[in-house]
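Here is the structure we will look at.
The values are calculated or read from the model by the stated rules, or taken from the named source; none is laboratory data. As the structure is a prediction and not an experimental result, all values here were calculated from the model. Heads up, the Cβs are rebuilt from the backbone with ideal geometry, glycines too, and the neighbour counts pull from every protein chain shown.
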Amino acid sequence: MSRYTPWPSSLMLACLLLIGGSCTTEPEVHYGLQPLELASSTADKDRVKTIDQWISILHADLFGTALGSAELFDIKQAFQSVGDQEVARESLVASFMQNPDVQLPALESMLTNPDNFVEEAYVRFLVRYPTQAERTWMRNYIQNTPTVTPELVYSSFALSTEYLHY
Amino acid sequence: MKRRTFLKKSGLAAAGSAAFPTLLPSGRLFAASGRRSSEHVVMVAFAGGVRLQESYLRRYVDDSQGEPYAGNIMYNMLSGEAPIAKIVYGTGVGGINPIPAILPQSIESIGTTFAEVSALSAGHFGGMNSLVQGAVPGGQGLKQRPLQPTIFEYLRRHGGYKATDTWFVGNGIGGSLPLLNHSEHPNYGAEYAGNFFAPLVTFTGAGESAFVDAQVYHPENELEPLRRMKTFLDQQFAADGSGGFGGGLNNTDEEKEQIKAFMKLMYQKVDNGTVNIPPVTDNRDTGTVGFACEVLSEFKPAFTMVNLGGVDACHSNFSSYLSALHRADHAVGHLWDHIQSIPGMAGNTTLILTPECGRNLQPNNILDENDWRAYDHSDENSMRIFTMMAGPTVPQGLTVGGEDNPVGMVTDTMMTVCDLLGVMPEVQNAGYVHPGTDSLFNRI
């Protein structure tokens, strides 16, 4: 005699009807990003980026695109071949700046609306708004230094110690 | 006797300069207490595991493959006739054309050779660390910086040498080489590190793609504003002072700009084919030495370490090992020849070279195209190496010790550099080197 007793076919049919009858319409789900309040200070940045993070984020901030894994690997190798990592960082930033795809604001835009330019730079690189003191210093420096360009401002942000942290 | 005479002469010269304290680039008020007897020292880590039999003992295939052909295939470094048959180490098909000598006299004939020296490790990692630390890397992981101070840190901390006075030119970025330019030691560290390039990566490989377009900014119009803004940003940031994933080496702003300008120049020279490479450059060692020559010309460092490693092909191909050994010698000949052409370095540079380890007495089972067996490095024979040095204060034509009569240790090479550059008393007092380590001048 079998250990298992087969279900009566009428019972199986009832179950199928019950399951089928319980189906409801899939609710419409939307995914998106909630606006995030940017921090106004540097207090929370107490962790140091890894070399991978710094290079990848730099590329995203300057080009608006993600860096491929092969390119990241090559750049890391390049960094390992130079003893002074500050020199390596400065060289990479200066090299990126010569790339025609780098997304830099126009010089006119910086000069005509320095407040907006400064705020965008802080948000882009440091993920926060500038304090009033920072905003004032940067605006004054840009307005009073004729040789300052968006490239130099962005380079200073990319090479800043704060940009090494998150 | 020779040592005493040397000390007497150099002591007189040092007496005058020691009377007046000088503010050194590092901020130290007084110079190191040792007597500096050489303006420049170039140390070669030669060249990736070298059997004493094929190198100093000049036995070619007579003591390895059962073929009765001895001879010297390192005739820039060693004196003696080349093998008369079974030539595989040169250029051309089968390596039948030996590379002509560069130097009119061998390093052996113009310097001092320690015919057999004791290594402290049979491996590359231990050997390289012995050369840079003067100690064995006990407890040090493979991907970890040295635990004890390195020669670069000793020189910079105790000798007041600036960052671009000390260079490490590596033949690659494997084997933790890039980590050897400074230790994790709390009293030393990155602040006293040596500069480092792995030039075949920096200038011809991945580094070229990453850095070649870097613009060298105008010092006043561009660099000054950039630095000013960076300084302002840094002042606003309450950082922990770590400097991020990789800090600087305490190069001054001027030194950093010089390094970047040098990098730019190297990319141009690579494009133009004008890097000062040896006449035959067909492997990594010869290429590395070409860029080392460029570093010497540009920075005229007090201390430069050059690492070669091509002979490690011996793990699987004995003919390639012989070829690489011949090229390592060719590279050293070119290096020494080039040093003599650099104003400021010619005539006052000391060259010292030591293999980081030897190779086994018995072969493994891998046969190459000539049916010759390959050699690994793990036994007692791997602890047999040699050291050569030449320079203005080095006795000429002198051989110390001999086969089975070892004199000195691998760590002596580092202490000898300290001796030549005037920081030996401080290094000895620091107490981090392997017991018994001494300057080779004291072993003559």
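Looking only at residues of the stretch A:90-118 that are facing another protein chain (nearest Cβ under 10 Å) and farther than 26 Å from A:N144 by Cα, we find that the one that is surrounded by the most Cβ atoms within 10 Å (Cβ to Cβ) is A:S91.
Residues in the stretch B:167-206 that are closer than 19 Å to B:E294 by Cα, small (G, A, S) and modelled with pLDDT of 95 or more: B:G170, B:G172, B:G194, B:A198.
Restricting the first member to the stretch A:126-155 and to residues that are touching a residue at least 60 places away in the same chain (Cβ under 8 Å), and the second to residues that are aliphatic (A, V, I, L, M) and assigned to a loop (DSSP other than H, G, I, E, B), the beta-carbon pairs closer than 8 Å and six or more apart or on different chains are A:V127/A:L38; A:R128/A:L38; A:Y129/A:L38; A:Y154/A:L104.
If you filter the stretch B:410-438 down to residues that are assigned to a loop (DSSP other than H, G, I, E, B) and under 17 Å from the mean Cα position of the chain (by Cα), you find that the one that is farthest from B:F114 (Cα to Cα) is B:T411.
Inside the stretch B:180-207, residues that are at the interface with another protein chain (Cβ under 9 Å from one of its Cβ atoms) and either within 18 Å of the chain's Cα centre (by Cα) or not small (G, A, S) (or both) make up a count of 13.
Considering the stretch A:74-89, and only residues there that are at the interface with chain B (Cβ under 7 Å from one of its Cβ atoms) and charged (D, E, K, R), the residue that is farthest from the chain's Cα centre (by Cα) turns out to be A:D84. In this structure, is B:H158 away from every other protein chain (no Cβ under 14 Å), farther than 30 Å from B:G397 by Cα, touching a residue at least 40 places away in the same chain (Cβ under 8 Å) and crowded, with 18+ Cβ neighbours inside 10 Å? Yes: the conditions hold for B:H158. Filtered by the rule that a residue be within 13 Å of B:F197 (Cα to Cα) and more than 9 Å from chain A (Cβ to nearest Cβ), the stretch B:161-175 gives B:T164, B:T166, B:V169, B:N171, B:G174. Among the residues of the stretch A:45-66, those identified as farther than 19 Å from A:A78 by Cβ, part of a loop (DSSP other than H, G, I, E, B) and within 14 Å of another protein chain (Cβ to nearest Cβ) are A:K45, A:D46, A:R47.
With respect to the stated conditions, A:Y154 is under 21 Å from B:F237 (Cβ atoms), crowded, with 17+ Cβ neighbours inside 10 Å, more than 7 Å from every other protein chain (Cβ to nearest Cβ) and not charged (D, E, K, R). Read through the list (1) within 8 Å of another protein chain (Cβ to nearest Cβ); (2) in contact (Cβ under 8 Å) with a residue 40 or more places away in the chain; (3) surrounded by 20 or more Cβ atoms within 10 Å (Cβ to Cβ), then give the number of the only condition that B:M229 fails. With (1) within 8 Å of another protein chain (Cβ to nearest Cβ); (2) in contact (Cβ under 8 Å) with a residue 40 or more places away in the chain; (3) surrounded by 20 or more Cβ atoms within 10 Å (Cβ to Cβ) applied to B:M229, the lone miss is (2). Of everything listed in (1) crowded, with 17+ Cβ neighbours inside 10 Å; (2) of a type outside the set (A, V, I, L, M); (3) under 21 Å from the mean Cα position of the chain (by Cα), the single unmet condition for B:P363 is (3).
Beta carbons closer than 9 Å, at least 6 apart along the sequence or on distinct chains, pair a first residue in the stretch B:342-370 that is free of Cβ contacts under 8 Å to residues at least 12 places away in the same chain with a second that is among the basic types (K, R) and surrounded by 15 or more Cβ atoms within 10 Å (Cβ to Cβ) for B:P343/B:K300; B:N365/B:R373; B:L367/B:R373.
Total residues in the stretch B:85-115 satisfying the condition of being closer than 18 Å to B:G402 by Cβ and either over 25 Å from the mean Cα position of the chain (by Cα) or free of Cβ contacts under 8 Å to residues at least 40 places away in the same chain (or both): the figure is 1.
Out of the residues in the stretch A:130-151 that are within 24 Å of the chain's Cα centre (by Cα) and buried (at least 17 other Cβ atoms within 10 Å of the Cβ), which is nearest to B:M229 (Cα to Cα)?
Of everything passing the filter in the stretch A:130-151, A:M138 is nearest to B:M229 (Cα to Cα).
Considering B:G344, B:G333, the condition of being under 17 Å from the mean Cα position of the chain (by Cα) and of a type in the set (G, A, S) is satisfied by B:G333 alone.
Scanning the stretch A:19-44 for residues that are within 14 Å of chain B (Cβ to nearest Cβ), modelled with pLDDT under 70 and in a loop (DSSP other than H, G, I, E, B) gives A:S40, A:S41, A:T42, A:A43. Applying the condition of being in contact (Cβ under 8 Å) with a residue 60 or more places away in the chain and either outside any strand (DSSP E or B) or polar (S, T, N, Q) (or both) to the stretch B:116-125 and asking which residue is nearest to B:P395 (Cα to Cα) yields B:S118.
Screening B:G358, B:G408 for residues that are surrounded by 19 or more Cβ atoms within 10 Å (Cβ to Cβ), touching a His at 6+ places or on another chain (Cβ under 7 Å), at pLDDT 95 or above and of a type outside the set (A, V, I, L, M) leaves exactly one candidate, B:G358. Consider B:K269 carefully, then state whether it is assigned to a helix (DSSP H, G or I) and closer than 28 Å to A:P150 by Cα. The answer is no for B:K269. Restricting attention to the stretch B:240-274, the residues being modelled with pLDDT under 85 and surrounded by fewer than 19 Cβ atoms within 10 Å (Cβ to Cβ) number 6. For the stretch B:340-355, state whether one or more residues are surrounded by 15 or more Cβ atoms within 10 Å (Cβ to Cβ), touching a Lys or Arg at 6+ places or on another chain (Cβ under 6 Å) and among the hydroxyl-bearing types (S, T, Y). Scanning the stretch B:340-355, I find no residue that is surrounded by 15 or more Cβ atoms within 10 Å (Cβ to Cβ), touching a Lys or Arg at 6+ places or on another chain (Cβ under 6 Å) and among the hydroxyl-bearing types (S, T, Y), so the answer is no.
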